[in-house]
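Working notes for the structure below.
The values are calculated or read from the model by the stated rules, or taken from the named source; none is laboratory data. Everything numeric here is computed off the predicted structure, so don't read it as measured data. We place every Cβ from the backbone using ideal geometry, glycine too, and count neighbours over all the protein chains shown.
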Amino acid sequence: MWKKLEHAEIRKTIFDAIDQNANFYKDDVFGVPASHLDSKVFYQDEPFLKNAPFLATMVHNPNHIGCHTLGKSESYFSGTQAIEREVIRLCAEEILGGEKGQFDGYVASGGTEANLQAIWIYRNYFLLELNAQHNEIQLIGSSDCHYSMPKAANLLNISWNAMSVSGEKRNWTKESLTKEIQSCVANGKKYFIAVANMMTTMFGSVDDIHILTEVLEETGCKFFIHVDAAYGGFLYPFAHAKNPLDFRNPHISSITLDAHKMVQAPYGTGIFLMRKGFMKYAVTEEASYVEGEDSTIIGSRSGANAISIWMILMMYGYYGWQEKVATLIQRTSWLCDRLDQLAIGYFRNEYSNIVTLRAADIPADIAKNYALVPDNHHEAKWLKIVVMEHVTLERLDGFIQQLKDNK
Ligand SMILES: *Cc1c(COP(=O)(O)O)cnc(C)c1O
């Protein structure tokens, strides 16, 4: 498992990577519509930049266009691309249990793009390899799925059906899922793209992948399973060693992570991971002026985003990250114990840092003071607390005291 690095080692690695890139300040780079950041506004000789590798990367402005795990990419930025490749490897292999050297991926603009990328690839696979019609392709996922699923179906001209969930774990049952998937089949759907959540946005619930796989196999239809771990990808695998939603499961061929949620990286740091052999279904060969062409949705993007993820993960190391997660989980359990004492209703997955409260149990002014997020801004049934770094026991205790005073 990856080792923690000292600040000086991290800094040296990043500045060495920048040095291997083309240098717009010194080299004759004439052909690309790119340069360093505007020098009147972003002065590159600022002394503090020498100690700020992320900001220095931003000022140097490398473009990470394309996918860098496929062998060929824009050679001007090979130094920082190698760091992005290392982020992809680390996430696929060390966090998500994938085998060595078997994964492609890239740092996307966010979880939305990574989900779109996966669904785009599977749709194209069905169109190209199996001569499918658009109206025969069905995207499914739980009714607690992120809204990027209906968005993807809309963009890609395929249908989306939300599968109902119920009960203590907010999960589908064998019966409910069979009924709903069979009804898609009866409606002429022959090809399935299924999304399983490793923590949903509103509840932190985790889908039952075994039931999903069983029911899909029973249809006899060709299917792919994508895991949306935008929320849980940097938390759940550390809290639950027997995580059934990672690449050790052969039915799972792609996973979305977001570093701009639990990892506290800047926005623009979604991560797309996929088993090798599939990126070709997303290649735009017309991108011929780009070295290595382009197999991503986004096109140009800043290399600084990948640098930020790498720096954060290296600062902690595997064990440091596990400790960080353990602290968040422990605070979440502390909160749940207090809620139990006050008989306030809530949903929580035992390996998650999200507590979703029954709105009826929470006075409106307290919900407002603590910026609790409702499931629906018109008529809230649920209000969510996410136990992040700044949500300390001390602050949670203040919240509990207010609830007590209100009783
Ligand atoms: C946040 C989130 C996304 C998408 O996130 P963006 O980064 O905002 O695009 C997708 N799925 C889940 C479960 C999420 O929580």
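Summary of computed values
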read-out: Cβ-Cβ under 9 Å pairs, at least 6 apart or on other chains, region 317-335 side closer than 23 Å to LYS4 by Cα, far side of a type in the set (D, E, K, R) and in a helix (DSSP H, G or I); value: TYR318/GLU94
read-out: The listed residue being at pLDDT 95 or above, in a loop (DSSP other than H, G, I, E, B) and under 18 Å from LEU90 (Cα atoms), out of GLY232, GLY268; value: GLY232
read-out: Meets criteria (over 21 Å from PRO150 (Cβ atoms) and not assigned by TED's automatic domain parsing to the domain that holds GLU323) for GLY277; value: yes
read-out: Selection count where residues are within 16 Å of the ligand (Cβ to nearest atom) and either charged (D, E, K, R) or more than 12 Å from the chain's Cα centre (by Cα) (or both), scope region 213-235; value: 2
read-out: Hey, GLY79 in a loop (DSSP other than H, G, I, E, B) and in the same structural domain as ALA196 (by TED's automatic domain parsing) or not; value: no
read-out: Restricting region 171-187 to residues that are part of a loop (DSSP other than H, G, I, E, B) and out of contact with any Ser or Thr (no Cβ under 7 Å at 6 or more places or on another chain), the residue that is farthest from GLN117 (Cα to Cα); value: THR173
read-out: Members of region 126-152 found to be small (Gly, Ala, Ser) and over 30 Å from LYS381 (Cα atoms), listed by number; value: ALA132
read-out: Any hit, region 262-273, residues being without any contact (Cβ under 8 Å) to a residue 12 or more places away in the chain and touching a strand residue (DSSP E or B) at 6+ places or on another chain (Cβ under 9 Å); value: no
read-out: Looking only at region 177-195, and only at residues there that are of a type in the set (A, V, I, L, M, F, W, C) and in contact with a helix residue (DSSP H, G or I) (Cβ under 7 Å, 6 or more places away or on another chain), the one that is surrounded by the fewest Cβ atoms within 10 Å (Cβ to Cβ); value: VAL185
read-out: Criterion: buried (at least 17 other Cβ atoms within 10 Å of the Cβ) and away from the ligand (no atom under 13 Å from the Cβ) - qualifying residue of ALA282, ALA265, ALA287; value: ALA282
read-out: Residues located in region 368-392, provided they are modelled with pLDDT of 95 or more and of a type in the set (Gly, Ala, Ser); value: ALA371
read-out: PRO244 vs. criteria outside any strand (DSSP E or B) and crowded, with 21+ Cβ neighbours inside 10 Å; value: no
read-out: Test: residue in region 50-73 that is buried (at least 23 other Cβ atoms within 10 Å of the Cβ), charged (D, E, K, R) and either part of a loop (DSSP other than H, G, I, E, B) or away from the ligand (no atom under 16 Å from the Cβ) (or both); value: no
read-out: The listed residue being aromatic (Phe, Trp, Tyr), surrounded by fewer than 13 Cβ atoms within 10 Å (Cβ to Cβ), at pLDDT below 95 and more than 16 Å from the ligand (Cβ to nearest atom), out of TYR76, TYR43; value: TYR43
read-out: Candidate set: region 145-157, residues that are out of contact with any helix residue (DSSP H, G or I) (no Cβ under 6 Å at 6 or more places or on another chain) and crowded, with 20+ Cβ neighbours inside 10 Å; chosen: the one farthest from VAL355 (Cα to Cα); value: ALA153
read-out: Tally of residues being touching a Ser or Thr at 6+ places or on another chain (Cβ under 9 Å), closer than 13 Å to ASN61 by Cα and of a type in the set (A, V, I, L, M) across region 15-48; value: 4
read-out: Residue match in region 338-346 (condition: surrounded by fewer than 23 Cβ atoms within 10 Å (Cβ to Cβ) and farther than 18 Å from PHE399 by Cα); value: no
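The rows are residues; the columns are (1) polar (S, T, N, Q); (2) touching a residue at least 12 places away in the same chain (Cβ under 8 Å); (3) in the same structural domain as MET262 (by TED's automatic domain parsing); (4) farther than 17 Å from TYR346 by Cβ.
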site	(1), (2), (3), (4)
ILE366	no, yes, no, no
LEU372	no, yes, no, no
HIS377	no, no, no, yes
LYS381	no, yes, no, no
LYS384	no, yes, no, no
MET388	no, yes, no, yes
THR392	yes, yes, no, yes
ARG395	no, no, no, yes
PHE399	no, yes, no, no
